[in-house]
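**Student:** Here it is, the structure, as structure tokens.
The values are calculated or read from the model by the stated rules, or taken from the named source; none is laboratory data. Note that the structure is predicted; figures quoted are calculated from it, not measured. No Cβ is skipped: glycine too gets one built from the backbone with ideal geometry, and neighbour counts run over all protein chains shown. Please note that ligands, DNA and RNA were not included when accessible areas were found on the heavy atoms of the full protein model with its side chains. Shrake-Rupley method; radii C 1.70, N 1.55, O 1.52, S 1.80 Å.
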Amino acid sequence: MKLIVQIPCFNEEATLPLTVRDIPREIDGIESVEILVVDDGSTDGTVEAARKAGVHHVVRNIRNRGLAKSFLVGLDASLRLGADIIVNTDGDNQYRGGDIPRLVEPILSGRAEMVVGDRRTGGIPHFSLKKKMLQKLGSFIVRRLSGTDVTDAVSGFRAFSREAALQLNILSDYSYTVETILQAGNKGIPIATITIGTNPKTRESRLMKHLFGFVTSQMATMVRTYTMYRPLKVFTLMGGLFIFLGFIPSIRFLVNFLAGQQAGHIQSLILASILFITGFQLIVVGIVGDVISFNRKLVEEILYRVRKIELRSGPEEERKPADKDRSADRPSGEGGGFR
């Protein structure tokens, strides 16, 4: 049983050694623990710091591609290196490496295929009240949309079984955290949550530079991902709302018509017609989207099987531990991050 801890990094020269040092090298039920750093086009000495810290593998993005793409590159690289379990953590030493054995235990015991660490954000002193409230609200929305019980939806400290990692397809350019939970929930991948500890703050968050931008980006990911999996429900609800609103001017017109005030209220009838037509069109879009979603499920199943075949029959050198850097600057899914 091989565990690979992947660490997406961008200019983490100062904090990466702390993160690597905190990762346990021996875990019950795990035969080998390896560390993989995904350098996302860093301009400092992140790669040199990774080498000095003794990481086993380094994958380099020639240019900065963002957290979501780097996460996907690391996931694909870990699979090619033969990982049975993949743990993702941050390079800023936010999460305690000592919690990794507890994080992977639900996978080892067969209770889950994906595990998310709950930071208990309400007790983190450097989180503002607004941030704590938004984290709680966002996690509640994600739970409702995914049908899971994940309590810290944006936590980046999480573990994946090999089977779960093979089924995930990251489409977002911003962050993978919410999207992976929504995908797992809609694909029926068992998810568990454990409480974890955090280390003292080392730097400001680069992902949450502006709270409004962070919230809107995460909301966009939620809407897009949920609509992709439940188009009929989403567009039927939207269409039903327009149809309901169409009844309001219709009733107004009918009341005035029966009262003998036929003149001057034709605008109500026009507005009602527009709302009714829009509502029915949205429902039709939902039906078409539902048909497309079935085709997407077939494509995802084919992609999953192709990945398994590719990883089973790939070149032997890709299965051996890598002692030298490998570069990645291709779109996700094209070559898997190795060149």
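**Student:** Taking every DSSP beta bridge that has both residues in the range 70-193, what percent is antiparallel when rounded to the nearest 5?
**Tutor:** Numbers: 7 of 10 bridges.
Just about 70 percent of them are antiparallel.
**Student:** Rounded to the nearest 0.05, what FRET efficiency is calculated for Gln281 and Arg120 with R0 set to 41 Å and r the Cβ-Cβ distance? Can you show the working numbers first?
**Tutor:** On the way: r = 46 Å, r/R0 = 1.11.
Efficiency computed from Cβ-Cβ geometry: 0.35.
**Student:** Separate question: Helix by helix through the chain, keep the DSSP H runs that span 15 Å or more along the axis on Cα and average at least -0.5 on Kyte-Doolittle, and give those back in order. Intermediate results must be reported in sequence, preceding the final value.
**Tutor:** On the way: long enough: 67-80 (20 Å, 0.85); 129-146 (25 Å, -0.08); 177-187 (16 Å, -0.17); 211-229 (27 Å, 0.56); 231-258 (40 Å, 1.63); 266-313 (70 Å, 0.95).
Those that clear 15 Å and a mean of -0.5 are 67-80, 129-146, 177-187, 211-229, 231-258, 266-313.
**Student:** For Lys201 and Ser32 in one chain, what is 0.36 nm times their gap in residues minus the Cα-Cα distance, to one decimal in nm? Numbers along the way, then the final one.
**Tutor:** Details: separation 169, 0.36 × 169 = 60.84 nm, distance 2.99 nm.
Taking 0.36 nm per residue and subtracting the Cα distance, the gain is 57.8 nm.
**Student:** Let me ask you something else. Give me the one-decimal Kirkwood hydrodynamic radius in Å for the range 209-276, with the sum taken over alpha-carbon pairs. Write down the numbers at each step before the final one.
**Tutor:** Values: mean 1/r = 0.0680 Å⁻¹.
About 14.7 Å, per the Kirkwood formula over Cα pairs.
**Student:** What is the packing order of peptides 69-78, 20-29, taking the mean over residues of other C-beta atoms within 10 Å and listing the highest first?
**Tutor:** Numbers: 69-78: 25.8, 20-29: 14.4.
Descending packing order for the listed peptides: 69-78, 20-29.
**Student:** What is the extension gain from Met1 to Val306, computed as 0.36 nm multiplied by their sequence separation minus the C-alpha to C-alpha distance, in nm to one decimal?
**Tutor:** Details: separation 305, 0.36 × 305 = 109.80 nm, distance 2.28 nm.
Stretched out fully, the Met1 to Val306 stretch lengthens by 107.5 nm.
**Student:** So, one more: What does DSSP give for the range 1-123 in terms of the percent of beta bridges that are antiparallel, rounded to the nearest 5? Mind showing how you got there, number by number?
**Tutor:** On the way: 0 of 17 bridges.
Of the beta bridges lying entirely in the range 1-123, close to 0 percent run antiparallel.
**Student:** I want the antiparallel fraction of DSSP beta bridges within the chain, as a percent rounded to 5. Each step should come with its number before you reach the end.
**Tutor:** Details: 8 of 33 bridges.
If I count the DSSP bridges inside the chain, around 25 percent turn out antiparallel.
**Student:** What span do the alpha-carbon atoms of the range 1-150 cover on each of the three principal axes, reported in whole Å from largest to smallest?
**Tutor:** Taking the Cα atoms of the range 1-150, the three principal extents are 40, 36, 25 Å.
**Student:** Explain nothing, just the number: relative contact order of the chain, from Cα pairs under 8 Å at least 6 residues apart, as a whole percent.
**Tutor:** Details: 574 pairs, mean separation 66.4, N = 339.
Computed value for the chain: 20 percent relative contact order.
**Student:** Rounded, prolate or oblate: which fits the range 97-136 when a ≥ b ≥ c are the square roots of the eigenvalues of the alpha-carbon gyration tensor, with rounded for a/c under 1.5 and prolate only if a/b beats b/c? Let's see the in-between values first.
**Tutor:** Numbers: a/c = 5.25, a/b = 2.38, b/c = 2.21.
Taking the square roots of the gyration eigenvalues as a ≥ b ≥ c, the range 97-136 is prolate.
**Student:** Between Arg111, Arg162, Arg96, where does the largest GNM mean-square fluctuation fall for the chain, given springs only between Cα atoms within less than 10 Å?
**Tutor:** Highest fluctuation of the listed residues: Arg111.
**Student:** Further question: Let me check the size of the chain from its C-alpha atoms; what are the radius of gyration and Dmax in Å?
**Tutor:** 24.1, 88
**Student:** Provide Ile189, Ile141, Ile277 ordered by accessible surface of protein heavy atoms (probe 1.4 Å), highest first.
**Tutor:** Working: Ile189 10, Ile141 50, Ile277 100 Å².
Ranking Ile189, Ile141, Ile277 by accessible area, largest first, yields Ile277, Ile141, Ile189.
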